[in-house]
Amino acid sequence: MATPLLMPKATAVWLVDNTALSFEQIAAFCGLHPLEVQGVADGDVASGIMGVNPIQNGQLTREEIERGEADTNYRLKLSEPKVRVAAPKRKGPRYTPISRRNERPNAIKWLLRNHPEMKDAQIMRLVGTTKSTIDAVRDGAHWNNANIVPMDPVTLGLASQIDLDLEVSRASKGAPAGEVAEEGTMLLTAEEALAGANRGGHVDEDGQPTERRPEREEEIDADSVFSKLKSLRNNDADDE
């Protein structure tokens, strides 16, 4: 694709004011009509436009201008740009090779079964299909429904694993979060822990109360101990 001239009228203004090129040469280089270039020279056209030097922006060289001034039949040539800017890609559905297009229903059915949280727009972008095809596969109304087998789009070569993971992560952001904590693993509040300690129990690392062993046994009465010993001795004597 040929590189277009930047600001043709402003360039024509500069060439008229600073070179001895003919109107036909300037018109051919700038893509204008010779009468329009003559109007620029007369001040009737582009009177409020400031001239732009094509030498400074790298679209024309001084040697090329001198060559054109020496020969009125010579046509100026646009210089090759030093830096090429990639043309913006047109946004549209993903291109699918013809040999893989028959596999798209299989990929759609796999996505509908394994990732029901994905939206139709995400499946369209991932596989390169249409909403009508997705609805037909979902409702079982596809013309080849009997032969559709769920298959991973990555395995089929319809999408990359990175693109699939990206779409799944986007869809999971809108899904309701599951229960994180299960019964028995929840921490007790400070009030509940203190209440459990006051009831005579300690609280373990998980916040559950445990039985507290008495710090000291009941005071032992010496008279009761000796009386028990005497009774034991009397029993032994009676047995003999």
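The values are calculated or read from the model by the stated rules, or taken from the named source; none is laboratory data. None of the values given here were measured: they were computed from a predicted structure. Every residue, glycine as well, gets a Cβ built from its backbone with ideal geometry; the counts of neighbours run over all protein chains shown. Accessible surface is based on the protein model in full, side chains and every heavy atom, while ligands, DNA and RNA are left aside. Shrake-Rupley method; radii C 1.70, N 1.55, O 1.52, S 1.80 Å.
Summary table
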read-out: Candidate set from the range 25-55 (those that are surrounded by fewer than 14 Cβ atoms within 10 Å (Cβ to Cβ) and among the acidic types (D, E)); member that is nearest to E69 (Cα to Cα); value: D42
read-out: Of all residues making up the range 149-166, the number that are surrounded by 11 or more Cβ atoms within 10 Å (Cβ to Cβ) and part of a loop (DSSP other than H, G, I, E, B); value: 7
read-out: Pick from the range 109-157, criterion touching a residue at least 12 places away in the same chain (Cβ under 8 Å) and among the basic types (K, R), ranking: farthest from V168 (Cα to Cα); value: R138
read-out: Residues located in the range 2-36, provided they are among the aliphatic types (A, V, I, L, M) and more than 17 Å from G48 (Cα to Cα); value: A2, L5, L6, A20, L21, I26, A27, A28, L32, L35
read-out: Residue list for the range 1-14, filter: farther than 14 Å from G43 by Cα and either over 48 Å from the mean Cα position of the chain (by Cα) or assigned to a helix (DSSP H, G or I) (or both); value: P8, T11
read-out: Restricting the range 41-73 to residues that are under 53 Å from the mean Cα position of the chain (by Cα) and of a type in the set (V, I, T), the residue that is farthest from N18 (Cα to Cα); value: V45
read-out: Pairs, first of a type in the set (S, T, Y) in the range 47-59, second open to solvent by less than 50 Å² (accessible area, probe 1.4 Å), C-beta under 9 Å, six or more apart; value: S47/V40
read-out: Unique residue being open to solvent by 50 Å² or more (accessible area, probe 1.4 Å), under 20 Å from R101 (Cβ atoms) and out of contact with any Leu (no Cβ under 9 Å at 6 or more places or on another chain) when the list is A146, A136; value: A146
read-out: Looking only at the range 72-96, and only at residues there that are more than 21 Å from P8 (Cα to Cα) and loosely packed, with under 10 Cβ neighbours inside 10 Å, the one that is modelled with the highest pLDDT; value: Y95
